[in-house]
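Inspection log for the structure reproduced underneath, given as structure tokens.
The values are calculated or read from the model by the stated rules, or taken from the named source; none is laboratory data. Bear in mind that the values here come from a model prediction, so they are computed numbers and not experimental data. Using ideal geometry, Cβ is built from the backbone for each residue, glycine included, and neighbour counts are taken over all protein chains shown. Just the protein is used for accessible areas: all its heavy atoms, side chains included, with ligands, DNA and RNA removed. Shrake-Rupley method; radii C 1.70, N 1.55, O 1.52, S 1.80 Å.
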Amino acid sequence: MIKLPFSDPQLQRLQFPARLAGTVGLAAAMLSVFMPWAYRSQALDDMTFWGAPSPLQWHFFALTLLGVGFLAVPFLGRARLKRWARIAAWNDAARAVSIGALVATVFAIGGIALATGGLVNTEAGVWIAFVGSLVATAASLVLPSSPEPTLGRLRSPSWLQILVITLGLAAVLFAAMFMLDLDDPGAFFLYVVLVVAIVLALKEFGAFGWLATAAALNKRVLVFGAFTAAFAFPFTQGGSDANMSIAAQVLVFAATALGLNIVIGLVGLLDLGYIAFLGAGAFTAAVLSGSAFATIGWTPPFIVTVLIAGTVSALLGLLIGTPTLRVSGDYLAIVTLAFGEIFRLTMRNLDGNDGPDLTHGPNGIPGIPDLQFGNFNFGDPQFFFGIETGRFANYFWLMLVVLGLIIVVFTNLNRSRIGRGWVAIREDELAAEAMGVNTFSLKLLAFAGGAFLAGVAGSVKAHMDTSVVPEQYVFLESAFLVAAVVLGGMGTVMGVLIGATILKVLPEKLRFFSDYRLLLFGLLMVFMMRFRPEGIIADERRQLEFHEDDDELAEEVEEELIIHQAHYNPDPKKGDA
Amino acid sequence: MEFFLQQLINGLSLGALYALIAVGYTVVYGIVQLINFAHGEIFMIGAFGAFTVWMVLGQPTDWGVSLSLLVLLPLMLLGGVLVSIGTALLTERVAYRPLRNAPRLAPLISAIGVSVFLQEFIRLFYGQIPGFPDSKRAIPFPIIEGISGESIQIGGVLIQMPALFTVVALGVCTVFLWYFVNRTRTGRAMIATSQDPDVSRLMGINVDKTIMAAFAVGAGLAAVAGVAHGLRYSNIDFRMGFLAGLKAFTAAVLGGIGNINGAVVGGLVLGVTESMATAYIPGQFGGSAWKDVWAFVLLILVLVFRPQGLLGAKVVDRA
């Protein structure tokens, strides 16, 4: 928090005018979207019209509308707001909106100036928005910080919870669709800023506390809804495969990252050669695919191929894991790294010249046919209710099923005796062993199990990409997988899905940026470890491990556990918190 | 027999290179139990530092044979060592020190980040310096007359001068290291800290400074290795730290990580194994295409049969 040069009584007197000024400022910014922001249409999306805001301007409108609400509603006074005055963090949320709006307008001005060659092409609208957000930011800094919001404890009817979950999923689907359609990098950045600002404002307000409770109470609705939304995604693309190929790649990446999440997130073993297991699965599937370049003539049905691919990967995992899991965990990182290199070099060398011809060396195996289940060929476009979906949509759906299975395995393992053993190993291996946890075999199980999942994902990837080349499986890809797990949040499903999506979608959308991608990636890893080692979405237990000295956090986590317990077991006699 | 001796010489000189880098892993691991994943990049930056000295001093005038060997090479070594030490200390301060009490995964991941960052930093920005060659490709390393490309013949065995340079450098560095660790206050502080950091702190040892000294020593030797690598392969590039670092780590584990003598022995053993595997494994699995594979197989075999390494350092597990 910025320290302001006012004493407390002065701040008290300033509160009302500040709230008023902030409301007016944000309202002005909100209404500015009905004015043109840019003189020329090629900047961002077309922001040149009177009275007809562009999609991005509508997003800005939504953000500032939220802000006006957060600032204006407290005018009603504590008495009339009753407990709403206390359980939601109005001021903090207003501050988040104001700062977000300010950043967004600065981005918009910069984007317009860059795209059209100068500030001349900015119109009055964007400046009104800028000044309005600036005023609101200044005003919101004067307002006192709200106490911790307790919206999560609010009891609400279940139809409302389900409705909000449904609307939320629809919003996520819409956001994904909209984002993938933005081709202009400036517009993409502005959109990301706006979405992040809205999400942060809602978080400050305490909405996620309520949402977490609602989600916990309606878990089935949430899971079902999420999968429905994901299944519906290809229909929003109008038969175009451009975005679907990205989406399918994201799912393969996410499935692999989830497998890795067992190893890193649950057991705490760092595997730096995980991509080799994906590669092993892909090569196995390619060799058995019946491609004209396949080196083994036998082509089993795909279900069998999947199992073989997974088993090959798992066996490799056992081969690497057995010697290394006995010694200190640090060795594992380097041995897996070495294994990744061995795998890549071996695949390169098995070209008939330096070894038996299995993979055609650096050329790999091209021409892998599409999958065929009975009469259903994955290469064919499909028509549902008159909407066409392309080839990648088929793979997207298949990967969604695979991903769903992996998530089920992951969450169930996490809650099982095995999962508890894993977490115990992660937290303190010696203590776990002393408590009778068979550390070696549990670690080996995680390692081989993770490898199996990667092999399964790899076998689908081989058919989806139609070719498998050793150079796809370099160390950097392993590092990206680790980054997806670390960035999203070790040990969580949601976090890893988000991390995988960010790491795959951003480079696709920011191609002009690609040269600096790895540089930023390196910095990101260092700063994540330093400032938020638990990732974007934190596993609570994990968060505590990273912040052992933070007593406040420990209490918070404990309190939350009690709230959840109260929700699950409304009858205190049955609950044993 | 001559063939065998030749392979032995080749292997020893390659191993000397690994050993120089491996010391850095072992010293740091011995004290903070951290696999400094970015150490390979420190080695790479040492080579680039030396190259920079040559770009600044060595290019315009032709100083002739003896001067280039006697003046320029030491200056290049000095430049490389300074740049490497600077980088290593900076990364220690920024990426490792804040994480010293974090779970063990955190500094390791941070180290990967540093490694990727340093590689990319050199790739993107080194070539941007006016007049410098494009760093996105391999850069030819300057020719030092009297070393580059020259060789001496002893009996039937041909010894390349760069190989001789590497072995001599390892010898000099080992003596220096022995003196530093056993005869100086800082060196003995390092031993004490590696045995028990808390008690060393009680005894008045500045643990932070000692850790920095460990990073600096490792970085210095890595920079010497960087120059040796440049002379040996006559080019350097931003990627060279990855494989060399991996091999050197293998060497450190081979000798027993945490044990300085072990790193030297491990490096030499690894080098000899690699060159013997290339020469003597018959059929398709021999030859240089598989030499890296055999090196890593050796690592895995050592972990199975002798996890404490050849010289058997005590496996420290402070959970």
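Residue A:477 satisfies every condition listed in (1) within 14 Å of another protein chain (Cβ to nearest Cβ); (2) without any contact (Cβ under 8 Å) to a residue 40 or more places away in the chain; (3) not hydroxyl-bearing (Ser, Thr, Tyr) except (2). Scanning the stretch A:366-418 for residues that are of a type in the set (Phe, Trp, Tyr) and open to solvent by 30 Å² or more (accessible area, probe 1.4 Å), we see that the one that is nearest to residue A:497 (Cα to Cα) is A:397.
For the stretch A:445-474, the tally of residues that are of a type in the set (A, V, I, L, M) and either open to solvent by 30 Å² or more (accessible area, probe 1.4 Å) or within 14 Å of chain B (Cβ to nearest Cβ) (or both) stands at 3. Taking first residues from the stretch A:187-206 that are under 18 Å from residue A:536 (Cα atoms) and partners that are among the basic types (Lys, Arg), the Cβ contacts under 9 Å between residues at least 6 apart in sequence or on separate chains come to A:201/A:95; A:204/A:95. Just wondering, is there one or more residues in the stretch A:315-327 that are open to solvent by 30 Å² or more (accessible area, probe 1.4 Å), among the polar types (S, T, N, Q) and away from chain B (no Cβ under 12 Å)? No - not one qualifying residue is present in the stretch A:315-327.
Could you tell me which residue of the stretch B:159-192 is surrounded by the fewest Cβ atoms within 10 Å (Cβ to Cβ), considering only residues that are of a type in the set (S, T, N, Q) and not in a helix (DSSP H, G or I)? I'd like the intermediate steps shown before the answer.
Quick first cut of the stretch B:159-192, residues of a type in the set (S, T, N, Q) only: B:160, B:166, B:174, B:182, B:184, B:186.
With the extra rule that they be not in a helix (DSSP H, G or I), the set shrinks to B:160, B:184.
Details: B:160: 19, B:184: 12.
Only one residue tops the list, namely B:184.
Just one of the numbered conditions (1) more than 30 Å from the chain's Cα centre (by Cα); (2) at the interface with chain B (Cβ under 9 Å from one of its Cβ atoms); (3) open to solvent by less than 20 Å² (accessible area, probe 1.4 Å); (4) β-branched (Val, Ile, Thr) is not true of residue A:359: (2). Selection of the stretch A:107-143 for residues being open to solvent by less than 30 Å² (accessible area, probe 1.4 Å) and either of a type in the set (Asp, Glu) or not in a helix (DSSP H, G or I) (or both) yields A:118, A:122, A:143.
Looking at the stretch A:144-161, which of its residues are in a helix (DSSP H, G or I) and modelled with pLDDT of 75 or more? Give the derivation first.
Just the residues of the stretch A:144-161 that are in a helix (DSSP H, G or I), to begin with: A:151-153, A:158-161.
Residues satisfying the conditions are A:158, A:159, A:160, A:161.
Name the single residue, out of those in the stretch B:106-121 being more than 15 Å from residue A:530 (Cα to Cα) and within 18 Å of the chain's Cα centre (by Cα), that is most open to solvent (accessible area, probe 1.4 Å). Filtering first and then ranking leaves B:119. The set of residues in the stretch A:213-247 that are among the hydrophobic types (A, V, I, L, M, F, W, C) and more than 17 Å from the chain's Cα centre (by Cα) comprises A:214, A:215, A:216, A:217, A:221, A:224, A:231, A:232, A:235, A:242, A:244. All conditions in (1) surrounded by 18 or more Cβ atoms within 10 Å (Cβ to Cβ); (2) touching a residue at least 60 places away in the same chain (Cβ under 8 Å); (3) assigned to a loop (DSSP other than H, G, I, E, B); (4) not charged (D, E, K, R) hold for residue A:32, with the sole exception of (3).
Which one is farthest from residue A:331 (Cα to Cα), of the residues in the stretch B:262-286 that are within 11 Å of chain A (Cβ to nearest Cβ) and open to solvent by 30 Å² or more (accessible area, probe 1.4 Å)? Here the residue is B:283.
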